[in-house]
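Everything on this sheet refers to the single structure shown next.
The values are calculated or read from the model by the stated rules, or taken from the named source; none is laboratory data. Here the structure is a predicted model, which is why all the values come from computation and not from measurement. Note that we place each Cβ from the backbone using ideal geometry, even for glycine, and neighbour counts take in every protein chain shown. In case anyone asks, the SASA skips ligands and DNA or RNA and just uses the protein heavy atoms, side chains included. Shrake-Rupley method; radii C 1.70, N 1.55, O 1.52, S 1.80 Å.
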Amino acid sequence: MFYQTEIRRSNFRRWLNLNIMKLKISLISDKEVVLPKEFNYITQALIYQLIDKVPAQWLHEDGFKVEKRSFKLFVFSSILEKAKYYKQKVIFTFPHAISFYISSPVSWILEQVAKNTVFPARHLSGGSERIMFGQNKMSISSVEIIKNDEITENKIRINALTPIEIHSTLLKGDGSKKTYYYSPSETEYSELISENLRKKWEAYYKENCPYNITTEPVQIKYCRERIRSFKGTVIKGWTGHFWIEGEPEFLQFAFAVGLGSRNSSGFGFIEKVERAGV
């Protein structure tokens, strides 16, 4: 199992420690970046491309397992820059420079992404520093290594930069299956987010999780349902401001790994909101 990876250049290990759980990856093109309406799979593919081949294959096919479930234990944001949406063409156009965040509690994932971002020609096939991001020929312009604030509080206000989704698979009367997506107004939303985070903790630490977390909207009327598609699957989640409450260590883990399900598909990326103006 790839819990550690040897990296010859020691400066990467000095950059990355247990408190550093987020990278900002910046890409640049010679022209506007054009992407389909649903482009999370393109960002996900780049992340796997930036991990060394053998551990990337293991992470994609196996991952961190607990009971019958498997987790990738990373989460990424949408593209941070504003885009124009062309409804008839069903495309977004972004400026020529774009960026996104990736977060994980797993040090070797961030180490390898950082290393292969700084030295792409040594890692990418063909020895080129250019990458294909969808149909866009781009270069990696920078990687910023971000140290998360240490969590000392038991209750924190967060902003969901990407939709937080949680669901159950239900059995219908005819024996077929149906996916039910919960709303923040339902008690199951918070309960299942806590259960999901506990499983991710157990998959990572290989021990029973002693914590729980509650997730409640600051004001439900300001939360927005977002309907997304990922590789043909329609997914419903919610963005907005939420209160999360639990032990600081557990909250810190939530920031690193994401809230809710499908984190490695770009769902549940959260950031802390300062209390001013609450």
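Is there a quick way to get the dipole size of the chain? I mean about its Cα centre, with the Cβ of Lys and Arg at +1 and of Asp and Glu at -1; what is the value in debye to the nearest 20?
Roughly 940 debye, rounded to the nearest 20.
Among the listed pairs 53/87; 22/65; 221/272; 147/231; 147/200; 24/199, which are separated by more than 29 Å between their Cα atoms?
Those over the limit are 53/87; 147/231.
Can you check what the net charge comes to around residue 202, using other residues whose Cβ is under 12 Å from the Cβ of residue 202 (Lys, Arg +1; Asp, Glu -1)?
Taking every other residue near residue 202 into account, the sum is +3.
Equivalent-ellipsoid semi-axes (√(5λ), Cα gyration tensor) for segment 168-278, whole Å, largest first?
Ellipsoid semi-axes (Å, largest first): 24, 19, 14.
What does the accessible area per residue of the chain come to in Å², with a 1.4 Å probe and no ligands, DNA or RNA counted?
In whole numbers, the chain has 53 Å² accessible per residue.
If each Cα of the chain is one equal point scatterer, what is log10 of I(q)/I(0) from the Debye formula at q = 0.15 Å⁻¹?
Each listed q maps to, in turn, -1.22.
Length gain on complete extension for the stretch residue 41 to residue 141, per 0.36 nm per residue less the alpha carbon to alpha carbon distance?
Once the chain is fully extended between residue 41 and residue 141, it gains 33.9 nm.
How would 21, 132, 138 rank on accessible area, largest to smallest, probe 1.4 Å?
Putting 21, 132, 138 in descending order of accessible area: 132, 21, 138.
Restricting attention to segment 72-116, which trypsin sites (Lys or Arg not before Pro) occupy a DSSP loop and are surrounded by at most 11 other Cβ atoms within 10 Å?
82, 87, 89
Which value in deg cm²/dmol, rounded to the nearest 500, describes the helix-derived mean residue ellipticity at 222 nm for the chain, given -39,500 (n - 2.57) per DSSP H run of n ≥ 4 and division by the residue count?
-7000 deg cm²/dmol
What is the percent carbon and sulfur in the accessible area of the chain, measuring with a 1.4 Å probe over the protein chains and ignoring ligands?
47
Taking the chain as a Gaussian network, Cα atoms linked when under 10 Å apart, which of 134, 175, 266 shows the biggest mean-square fluctuation?
Of 134, 175, 266, the Gaussian network model singles out 175 as fluctuating most.
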